[in-house]
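Encoded as structure tokens, the structure appears first; notes follow it.
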Amino acid sequence: MAAQKGKDLLIKIGDGAASESFATVAGLRSTALAFNAKDVDITDANSSGQWRELLAGAGVKSATITGSGVFKDSSADAMLRAAFFDQTLVNWQIAIPDFGIVTGPFKLTSLQYEGPYDGELKISLSLASSGALTFAAS
């Protein structure tokens, strides 16, 4: 498999309609998706050699998304503002090139605008998963 372009890792926000469509958050220069799984430690006095033991299939799974870049004031930005100020759970998609698409509900936990006097207006955002995510392979 050939190397992929980082710019092709896309964050898309859902419009909430019955036949939901997704709009790409424009202007992002850096995006990241992280999957996490909290382990459940079941080590006890009888654990072999006192090595830690973890319970398979247990724990809490979560995902976080971050992005930052140039503010473009696209149609998706109005949806970003609404999701943050209303604190609603919105379906999002993360398109991973030549891998697949992760879809599910996320809460927009951080929305930041930065405007240095001698530079471009920047935006950064953070999302936290809130429910089951689905994966569709490319």
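Of the peptides 67-73, 53-59, the ranking by mean beta-carbon count within 10 Å, highest at the top, reads 67-73, 53-59.
Where does helix 75-86 land angle-wise versus the long Cα axis of the chain, in degrees 0 to 90, nearest 10? That helix lies at roughly 60 degrees to the long axis.
What is the log10 of I(q)/I(0) for the chain, computed with the Debye formula using one identical point scatterer on each Cα and no solvent, at q = 0.09, 0.10, 0.14 Å⁻¹? Debye intensities relative to I(0), on a log10 scale: -0.36, -0.43, -0.71. Each of T134 and F35 was given a label point 7 Å from its Cα along the Cα-to-Cβ line. The distance between the two points is 1.7 nm.
Per-residue extension of 0.36 nm, minus the Cα-Cα distance of L55 and D98, leaves a gain of 12.2 nm for this segment.
In order along the stretch 39-51, phi translates into HN-Hα couplings of 8, 10, 7, 10, 4, 9, 4, 9, 5, 4, x, 6, 7 Hz, rounded to whole numbers, per the Karplus curve 6.51 cos²θ - 1.76 cosθ + 1.60 with θ = phi - 60° and x for Gly and Pro. Cβ-Cβ distance of S47 and D15, R₀ of 41 Å, FRET efficiency by 1/(1 + (r/R0)^6): the value works out to about 0.20. Taken over the chain, lysine pairs spaced eight or more positions apart, or on distinct chains, with alpha carbons under 25 Å apart number 15. Residue ranges 91-98, 42-49, 26-33 sort as 91-98, 26-33, 42-49 when ordered by packing (mean number of other C-beta atoms within 10 Å per residue, highest first). Full extension of the chain segment joining S110 with Q87 gains 7.2 nm, where the gain is 0.36 nm per residue of separation less the Cα-Cα distance.
Since every read-out is calculated from the coordinates, none of them should be taken as a lab result. A quick note: this is a predicted structure, and the numbers were derived from the prediction, not measured. Glycine also receives a Cβ, built like all others from the backbone with ideal geometry; neighbour counts cover every protein chain displayed.
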